[in-house]
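Inspection log for the structure reproduced underneath, given as structure tokens.
Any read-out appearing in this document is the output of simple, stated calculations on the displayed coordinates, not a laboratory observation. Not measured: the values here are computed from a predicted model. As a convention, Cβ positions derive from the backbone with ideal geometry for all residues, glycine included, and neighbour counts pool all protein chains shown.
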Amino acid sequence: MFEGYRMIDLSPELIPGEEDRRLEIRQYIFELDNTYMTDIDIMSHIGVHIEAPSHYKKGLKDVSQLPVEDFLGDAISLNVESVGKGQPITPEDVSRISETGGVRPRDILFLHSPFEGDDVPFISRALAEWMAELPVKMLGIDMTVGLEEKDQMFTHDFLLRKDIAIIERVANLKDVPERFVFIGLPLRIRGIDSSPIRAIALVKEG
Ligand SMILES: [Zn+2]
């Protein structure tokens, strides 16, 4: 399986003591058989993670309630540099930038740019609506694209209410070609609003 594909790791390595979010590990000896075990104490939004609808509103689906097939599949990654610093990303931008025929229904859509901080382009309302209409399976971003226009929560509200999960803090997006297969499975823990994942891109060779 996966012969003819190379793998690109889209997960940042997390190092206890060096993260901006909660990550503590405590190793101990398990008395029954003298093996080592570790308690892991993390924020649910550590590293690359998948956010479920319950992140935004109580009563909406948690991570364990989303269909597992949504977490893997055909993916498209677009560099939205040409949208410009701090500008809204529109459905027209996405179609214009794609060199492989654009986003297809049930794709997992990744967006990235060379910008950072206040300069990042952001998801426009029109694009959020368009993604839900298509629909995409998930939206993935790193720190170079904003989910929201300043002081708004439209993208979270709109996508998560439609059970379209959001992947944040994806690493190495600049290294992937436009088309690949994505795999990023969250932990199946009832009640959690988000889960870290091991995110990978499978890229067809040749
Ligand atoms: Zn998050």
Protection proxy ranking, peptides 16-26, 114-124, average beta carbon neighbours within 10 Å, highest first:
114-124, 16-26
Dipole magnitude of the chain, debye to nearest 20 (Cβ charges: Lys/Arg +1, Asp/Glu -1, about Cα centre):
580
Could you give the C-alpha radius of gyration of segment 1-68 expressed as a fraction of 2.2 N^0.38 Å, taking N as the number of residues it contains?
1.56
On alpha carbon coordinates alone, what is the Rg over Rh value for the chain, Rh being the Kirkwood radius?
0.99
Projected onto the charge dipole of segment 47-181 (unit charges on the beta-carbon of Lys, Arg, Asp and Glu, signs +1, +1, -1, -1), the Cα from Gly59, Ile89, Val181 with the largest positive-side position is that of Gly59
So the FRET efficiency between Glu13 and Glu205, C-beta based with R0 = 22 Å and rounded to 0.05, is 0.30
At a Förster radius of 45 Å, what calculated FRET efficiency corresponds to the Cβ-Cβ distance of Ile192 and Ser82, to the nearest 0.05?
0.75
